[in-house]
Amino acid sequence: MALNDLVDPAASGPFARSRGFWYALHVDPILLFLLVMLVSGGLFVLYSGADRNIEVVKAQGIRLGIAFVVMLVFAQLDPAVFRRWAPWLYVAGLAALIAVLVMGVGAKGAQRWLALPGLPRFQPSEIMKLVVPMTAAWYLSRHFLPPRLSQVAVGLAIVLVPMVMIIQQPDLGTSLLVGMAGLFVVFFAGMSWKLIAAFVAMASVSAPLMWFFVMREYQKQRVLTLLDPQSDPLGAGWNIIQSKTAIGSGGIDGKGWLQGTQSHLEFLPESHTDFIVAVLAEEFGFVGMLMLLLVYFLIILRCLYIAATAQDSFSRLVAGALTMTFFIYIFVNVGMVSGLLPVVGVPLPLVSYGGTSSVTLMAAFGVLMSIHTHRRMISA
């Protein structure tokens, strides 16, 4: 496939010849092909990461199937529907976050889930990864861009309120992703560099206050472990040490599928969830990691093209923010597994075992497909 085919659907090639069929379904064939490639490889690695437990792979396959259906449903909706419903979904999301704090279901010291009668258990904070950037884009796109300072302040408030509520669960990883998704909208709306520098300075000054008054002990321990994992090699530093060992032992071409010792001898924790990239690096080596990152790069490239060619301000802001949030997912997970960032519990997108995050991500890709295919139909 030529690189030009990845960014220009009108280019010659197999996708261009069948574009009419796919666009009638409101599906971008290039993005769909890349996503199928990613999740297929992910299931392949998951089988090894789950220690050959086929039931885990089947369960993840079912979840991914549901996620693809959600993507197709979202793709059918006109972007105007998302713009119209964004503020109401935001209010409903805040209500759900309040419900989590009041009557949420706890696990491993955190209270992040809702179990309502007649509904499957779900994590409202995951939904806010989609709702927050939409709401921020809805507000800012109603005004002339770039926004004034007062409008930037409102946009930041839209982002910070759910972010603070998610931190209280506590869920630092999800709050980071929700916050970044909203901040990208404000940034893409045209926030001045002077204002960005001012916020960076404020964040730097407030960092000591967050350390002493906001961060919990386990979060502080993660930062200290990042700086010196050998200080507690059998405790807090165990995860990072074993992960780095697995990545380094993979070498150039890896030990081979199902031959990883760190995961199969149970040295590597969470090998099928947050640390699955270490399994891939150990068994497929540097070459395998390059292939994974290449697929991610092509997905991001395609999504950036969709954002750049979007038809209106709301669509451009939402598409750009969702694309960069997907990038942050990858950056944070790979960074924490390789010991460059603190461990914050962010899964590797569409590869790690998990249901709610996969559905949310595929819903985001459905929004991107909606933005692109509806634009094409209107301009035809």
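Which numbered condition in (1) farther than 24 Å from residue 367 by Cβ; (2) under 16 Å from the mean Cα position of the chain (by Cα) is the only one that residue 330 fails? The single condition residue 330 does not satisfy is (1). Might you let me know whether the range 334-343 holds any residue that is small (Gly, Ala, Ser) and crowded, with 23+ Cβ neighbours inside 10 Å? Scanning the range 334-343 turns up no residue that is small (Gly, Ala, Ser) and crowded, with 23+ Cβ neighbours inside 10 Å.
Answer yes or no: is there a residue in the range 112-133 that is within 21 Å of the chain's Cα centre (by Cα), free of Cβ contacts under 8 Å to residues at least 24 places away in the same chain and under 23 Å from residue 366 (Cα atoms). Yes, the range 112-133 contains a residue that is within 21 Å of the chain's Cα centre (by Cα), free of Cβ contacts under 8 Å to residues at least 24 places away in the same chain and under 23 Å from residue 366 (Cα atoms). Scanning the range 48-94 for residues that are open to solvent by 60 Å² or more (accessible area, probe 1.4 Å) and part of a helix (DSSP H, G or I) yields a count of 16. Annotation note: of 230, 219, the sole residue that is modelled with pLDDT under 80 and either among the small types (Gly, Ala, Ser) or open to solvent by 60 Å² or more (accessible area, probe 1.4 Å) (or both) is 230. For residue 97, are the conditions met, namely being at pLDDT 85 or above and touching a His at 6+ places or on another chain (Cβ under 9 Å)? Here the answer is no, as residue 97 does not meet what is asked.
Of all residues in the range 245-285, those being without any contact (Cβ under 8 Å) to a residue 60 or more places away in the chain, closer than 21 Å to residue 349 by Cα and in a loop (DSSP other than H, G, I, E, B) number 3.
Within the range 95-112, the set of residues being open to solvent by less than 30 Å² (accessible area, probe 1.4 Å) and touching a helix residue (DSSP H, G or I) at 6+ places or on another chain (Cβ under 7 Å) comprises 96, 97, 100. In a residue-by-residue description of the range 132-146, the property of being open to solvent by 80 Å² or more (accessible area, probe 1.4 Å) and in contact with a Gly (Cβ under 8 Å, 6 or more places away or on another chain) applies to at least one position. With respect to being surrounded by fewer than 20 Cβ atoms within 10 Å (Cβ to Cβ) and touching a residue at least 60 places away in the same chain (Cβ under 8 Å), residue 168 fits the description. Being over 15 Å from residue 319 (Cα atoms), in a helix (DSSP H, G or I), in contact with a Leu (Cβ under 8 Å, 6 or more places away or on another chain) and polar (S, T, N, Q) holds for only one residue in 125, 175, 150, 206, and it is 125. Would a scan of the range 345-356 turn up a residue that is within 22 Å of residue 179 (Cα to Cα), within 13 Å of the chain's Cα centre (by Cα) and outside any loop (DSSP other than H, G, I, E, B)? Checked the range 345-356: at least one residue is within 22 Å of residue 179 (Cα to Cα), within 13 Å of the chain's Cα centre (by Cα) and outside any loop (DSSP other than H, G, I, E, B).
Taken over the range 268-287, the criterion of being open to solvent by 10 Å² or more (accessible area, probe 1.4 Å) and at pLDDT 85 or above is satisfied by 280, 284, 286, 287.
The values are calculated or read from the model by the stated rules, or taken from the named source; none is laboratory data. This one's a predicted model, so the numbers in the text were calculated from it and none came from an experiment. Cβ atoms come from the backbone with ideal geometry, glycine included; neighbour counts cover every protein chain shown. Accessible surface areas use protein heavy atoms only, side chains included; no ligands, DNA or RNA. Shrake-Rupley method; radii C 1.70, N 1.55, O 1.52, S 1.80 Å.
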